[in-house]
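Right, one structure below, let's go through it.
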Amino acid sequence: MRILLDNFTKSFGKLTVIDQMNLEIHDGEMIALLGGSGCGKSTTLFAICGIHKVNGGRILFGDKDVTNITSQERNVGVVFQSFALYPHMTVEQNIGFPLKLRKEPVEQIKRKVHEIAEMVHIEVLLHRRPGELSGGQQQRVALARALVRRPDVLLLDEPLANLDATLRLEMRSEIRRIQQETGITAVLVTHDQVEAMSMCDRIAIMDEGKIVQITEPRDMYVNPVSDFVAGFLGSPPIAFLEGRIEDGKFVEPSTGVHMPLSADVATANNGREVRVGIRPEYFQPGNGAMIKGRVSFIEAQGRETLYNVMLPDGNILRSIQGSHSPVKIGDDVEWGVDTAHILIFGQDGLRI
Amino acid sequence: MGNSKHLGLYMLAPAFLFVIVFFLTPVLLTGVFGFTNMSTATGITGGSYMVSQSSMQALKDRHDLSEIAKKLSQVIYTIDEEGLNAAAQEGVDAGTLAELKAGFLGQSFQKRRAVERAIKSLDNRPSSTRAIKKLSALFERSVLNIRYDTEVDLFAAIDKFGLPLSVAEKTAMSDVTYTGWVFTTDNFKRMISLPDTMTTLINTLFYVFVTLIVFNTGFALVLAISTHYMDAASAGFFRSVWLLPRITPPVLYVLMWKWLAWDTGFLSTVLGPLGFEPRNWMLDTPANAWTFIILINGMVGASMGMLIFSSAIKAIPSSLFYASEVDGANRMQQVRHIILPQLRFPILFITSYQTLSLLTSFEYILLATEGGPGGATEVWALTTYLKALSNYAGALEYGYGAALALVLVVVGVFLSILYLKLFDFKTLTAPPKIE
């Protein structure tokens, strides 16, 4: 079901956390609300499920205005960060709880619980209590409970934050599989850009209560609207250099590095102070615009190796390289930047 | 580091000492005293042997020896050496005494007149009636109201009295004439036979369970849950209001209730214009007395449960409330499915703690009604106190009181075990499986 936030405003006391936010989530789409802590992503989620009352604007499920409807009547499924399973109930009772509250017949509850348990692969755990489950199993139970009554929207609040690394990887694809199988509209709240990019159809990146950019994951990575977005996406993160555009080139004053820019950008912004963002994969040996520096840090990540290269003025560029090179910490290197892929931002942080 | 493992024991030693001196010893002594007939009459140290009106009555009633009892209750006159010697000391004429000795030595007389007649029959008789009476008084023999330190002394006296006793009769005699305390199970027999015991028992059960269910647990739950759903400021205010009775000195607290209920008090004054006769509302009827007793105790008792339950509700993760909310649970369903199951342990704690505390507490009843009207609000602990330590007649029955207290201890222990079984204590205190 389509979800629409129309000029949604939320404040706690005098503090306005979210001011006039607009967001449309398409039917069957999984969208990520991505941002650091305190950016308002969880607040938005709690407003959609009705736990927080909104202070302004409307929330629509389909064409139905649910702004003033209590969460009990909204038909949303929520997976909480702590899973929030009822410790005194068995897995079966936990999953069947929403149906029991609707006073559905016992037989029907049993059938539905078994169906959903099969889908999330926990049918053998139904008689256990949450205390007897591993983190991943608890996660699946929480997911089953959220899905069992066919909610209009599935809301996931940092669902993977409490899992260890391998489980996180597994549950990432499981949640996506289940979402696609059920075709449910889903909202994922996360601070982890990898989760957001790997699980969702679109990402809405938030900062200080505002959506900065909303687009598909690949597009957001390639075409960030601001240095904030560029810095948030990508691991290892993008590196920035400050400088100015002169005669069709980006010039970094301290090192005198020149980088040729595309003609239309260069001529329109000649003489302007800018920041350029260089992603690690575009700073490699053998590329065009050569930069000298000293290797200050090496991190072997297995398949790839990350190098931090310190420029004479102390700025750091990152390079991620597939093949292992014999470079050691302290070595002077001269690697090149792929100028076709550098991102140029104005002093206000917006993309040029 | 080697010495420090005993440090804990050393530090706890004073506590152990206090527990032993002020708790274990009294409990043990209560257990011992419960099987004695100690009272103000027997004293708490040893006793002596004494033939008295009441011991003779007991001899008749308990041992069916009415003949002996009748004889021992009488005064007889025996002409014996002791009497003669005493008379010689008094300066009675030696000839009189010699004649008396020759004619009557060893004879006993039932009546004073008989012995006087015997004296008058002597040739050398004293001249005045007054002297005869004085002389006859010296032969007066009785075991009534004389304390004998040992039963041997008593039996010797009875022997001399001229009433040799069989072994069985001696046993019965020493039983009824001993004035000190003895070990006995009579307290419990008496407890069972007295109809008052059943009344007190029913009163106690009524008092404990009505106060417990209505106020100490029930109303405490209502307070805790309703303040949970309030905003923080009003919740804090309401909780403090309910704590006030708890921090008021009990005597003042009960005095205020009395002012409320007296025939010149608040209720009478307010209800007077509405056509109600002024009266002591608290002691007017047993029903009124119970209403006041339960209110007085409940208002104090509810606050503790409220605090415990409130903090337990606060300890429930808020995400559980959120989850149940989006699962469609309204507040009643949240209370039923989330709060109450999580409060199992606190409810067990309050129920058992308050049962025991109500069973043994009688101070508010003592201050408010003193068990009245007519013993209608007398509970077990209060009866124990009145019997053993305070009553108008001043005849304190320590032994019987201790026996009553012992019953209370046994009931308390039994109830604790029952509660632990009922609430499945072991699984409640098991280490959590979820972190």
- Query: Residue check: is A:PRO87 within 13 Å of chain B (Cβ to nearest Cβ), modelled with pLDDT of 90 or more and not in a helix (DSSP H, G or I)?
  - Reply: yes
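Yes/no per residue for (1) at pLDDT 80 or above; (2) within 30 Å of B:LYS101 (Cα to Cα); (3) touching a Cys at 6+ places or on another chain (Cβ under 7 Å):
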position: B:PRO14; (1), (2), (3): yes, no, no
position: B:PRO26; (1), (2), (3): yes, no, no
position: B:LEU29; (1), (2), (3): yes, no, no
position: B:TYR49; (1), (2), (3): yes, no, no
position: B:GLN57; (1), (2), (3): yes, no, no
position: B:ILE68; (1), (2), (3): no, yes, no
position: B:LYS71; (1), (2), (3): no, yes, no
position: B:TYR77; (1), (2), (3): yes, yes, no
position: B:LEU84; (1), (2), (3): yes, yes, no
- Message: I need the helices (runs of 4 or more DSSP H) fully contained in region B:1-115, keeping only those with at least 1 residues that are under 30 Å from B:ALA137 (Cβ atoms).
- Response: B:53-63, B:66-72, B:81-90, B:94-104
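Based on this model, can you work out whether B:ILE313 counts as assigned to a helix (DSSP H, G or I) and away from chain A (no Cβ under 14 Å)?
yes
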- Taking strands (runs of 3 or more DSSP E) that fall entirely within region A:217-280, which contain at least 2 residues that are polar (S, T, N, Q), surrounded by fewer than 14 Cβ atoms within 10 Å (Cβ to Cβ) and at pLDDT 90 or above? none
- Do you know which of the residues in region B:316-353 that are among the hydrophobic types (A, V, I, L, M, F, W, C), in a loop (DSSP other than H, G, I, E, B) and within 10 Å of chain A (Cβ to nearest Cβ) is nearest to A:ILE69 (Cα to Cα)? B:ALA329
- Message: Checking A:GLN93 against (1) closer than 19 Å to A:LEU147 by Cα; (2) touching a residue at least 24 places away in the same chain (Cβ under 8 Å); (3) more than 8 Å from every other protein chain (Cβ to nearest Cβ): exactly one of these is not met. Which one?
- Response: (2)
- Item | Subset tally (residues that are facing chain B (nearest Cβ under 10 Å) and not in a helix (DSSP H, G or I)) for region A:129-144 | 2
- Note on the structure: Exception for A:LYS100 within (1) part of a helix (DSSP H, G or I); (2) in contact (Cβ under 8 Å) with a residue 12 or more places away in the chain; (3) under 18 Å from B:ALA323 (Cα atoms); (4) not hydrophobic (A, V, I, L, M, F, W, C) falls at (2)
- Query: Of the residues that sit in region B:119-152 and are outside any loop (DSSP other than H, G, I, E, B) and touching a strand residue (DSSP E or B) at 6+ places or on another chain (Cβ under 7 Å), which one is surrounded by the most Cβ atoms within 10 Å (Cβ to Cβ)?
  - Reply: B:SER136
- Note on the structure: By residue number, the members of region A:39-63 that are outside any helix (DSSP H, G or I), away from every other protein chain (no Cβ under 14 Å) and touching a residue at least 60 places away in the same chain (Cβ under 8 Å) are A:CYS39, A:GLY40, A:GLY62
- Note on the structure: Cβ pairs under 8 Å, 6+ apart or interchain, first in region B:216-230 and under 21 Å from B:ILE296 (Cβ atoms), second outside any helix (DSSP H, G or I), ordered by first then second residue, are B:LEU221/B:LEU343
- Task: Mind listing just one residue for me: the one in region B:248-294 that is part of a helix (DSSP H, G or I) and touching a Ser or Thr at 6+ places or on another chain (Cβ under 9 Å) and, of those, nearest to B:ILE347 (Cα to Cα)?
- Result: B:ILE294
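The values are calculated or read from the model by the stated rules, or taken from the named source; none is laboratory data. Note that the structure is predicted; figures quoted are calculated from it, not measured. Cβ coordinates were reconstructed from backbone atoms using ideal geometry, including for glycine residues, and neighbour counts include every protein chain displayed.
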